[in-house]
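Computed from the coordinates by the stated procedures, all read-outs in this text should not be read as laboratory data. Keep in mind it's a predicted model, so treat the numbers as computed, not measured. Counting neighbours? That spans all protein chains shown, and the Cβs are built from the backbone with ideal geometry, glycine included.
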Amino acid sequence: MDREVVIIGAGGHAKVVADIILKSGDKLIGFLDDRACGSDFCGFPVMGKVEAYTDFRDKMFVIAIGSAQVREKIAEELKAVHWYTAIHPSAVISELDVTIDEGTVIMASAVVNPGARIGRHCIINTGAIIEHDNQIRDYAHISVGAKLAGTVIIGSHTWIGAGAAVNNNISVCSNCIIGTGSVVIRNIEEEGTYAGVPARRIK
Ligand SMILES: CC(C)(COP(=O)(O)OP(=O)(O)OC[C@H]1O[C@@H](n2cnc3c(N)ncnc32)[C@H](O)[C@@H]1OP(=O)(O)O)[C@@H](O)C(=O)NCCC(=O)NCCS
């Protein structure tokens, strides 16, 4: 049966999530966004502010907002809703021992290999590679084209930038940003922003 979905957020990332819902054969009801009420967004209505979610109790919800902190705040505010896990039909998800928790978005051409664990409300962006036995903790974002080799652990709220790579068996702690194109070759145990080849702490 088609699922009926409301997207929280009406920005660029939300457009891509909308496309996944439609490509999956599910029904997009519209968007809720605190800043863009009363307008249309890519042909679907923006039906009100986020607090209006109670009017759509029988629908499913997905949060399409880039900031991990905002995603977490909204996930905690919306009580007793059914979260939609958005997986683009072209994503390659192994059937061997993979778990993907509620509210996570997996975009086109992403690969998730055996033994991977992906937490709730994560973003696995276009073309990202999540190799075998990776653990991606809640609210993490693996950006477009990023590559995580085998048995990598990414802490909650950590953002791996576009095209970055992480060596096998490496852990990156919570609340980090890894810059575009960076290569992580050592464990990262302190929160902060890291960039370069090899990645070093810049902030
Ligand atoms: C890492 C990042 C967050 C830093 O942004 P910032 O905090 O604004 O930092 P700045 O641009 O002031 O750069 C600080 C220093 O780090 C360097 N730096 C920034 N990003 C870098 C990168 N990706 N690789 C190498 N060096 C980088 C800058 O050259 C600068 O060096 P300097 O002080 O010697 O001049 C940002 O560059 C980045 O990579 N964001 C990720 C974007 C992304 O992946 N989007 C994907 C969406 S799907």
* Just His88, His13, His141 to compare: in a GNM of the chain, with alpha carbon springs under 10 Å, which one fluctuates most? -> His13
* To do: Express as a percent, rounded to the nearest 5, the fraction of DSSP beta bridges in the chain (both residues included) that run antiparallel.
  => 10
* To do: For a footprinting-style exposure proxy, rank Ile21, Ile188, Ile160 by other Cβ within 10 Å, fewest first.
  => Ile188, Ile21, Ile160
* Springs between alpha-carbon atoms under 10 Å, Gaussian network over the chain: tell me which of Lys79, Lys23, Lys147 tops the mean-square fluctuations. => Lys79
* Radius 12 Å from Cβ of Ile21, net charge of other residues (Lys, Arg +1; Asp, Glu -1) -> +1
* Asked: In the neighborhood of Arg186, defined by Cβ-to-Cβ distances under 13 Å, what is the net charge if each Lys or Arg adds +1 and each Asp or Glu adds -1?
  -> 0
* Asked: For the stretch 4-84, what does the alpha-carbon gyration tensor say about shape, rounded, prolate or oblate, given a ≥ b ≥ c as the root eigenvalues, a/c under 1.5 as rounded, and a/b over b/c as prolate?
  -> rounded
* Structure fact -> Computed on Cα atoms only, the convex hull of the chain has an orientation-averaged projected area in nm² of 10.7
* Of the residues His121, His82, His157, which exhibits the maximal mean-square fluctuation in a Gaussian network model of the chain defined by a 10 Å Cα contact cut-off? -> His82
* Could you state the number of Å between the C-alpha centres of the stretch 109-166 and the stretch 4-31? -> 21
* Hand me the tally of lysine pairs in the chain: alpha carbons under 24 angstrom apart, and the pair either on different chains or 8 or more positions apart. => 16
* Structure fact -> Note to self, the chain gives a 222 nm [θ] from helices alone (DSSP H runs n ≥ 4, -39500 (n - 2.57) apiece, / all residues, nearest 500) of -3500 deg cm²/dmol
* In a shell of Cβ-Cβ distance under 13 Å around Val98, excluding Val98 itself, what net charge do Lys and Arg (+1) and Asp and Glu (-1) give? -> -4
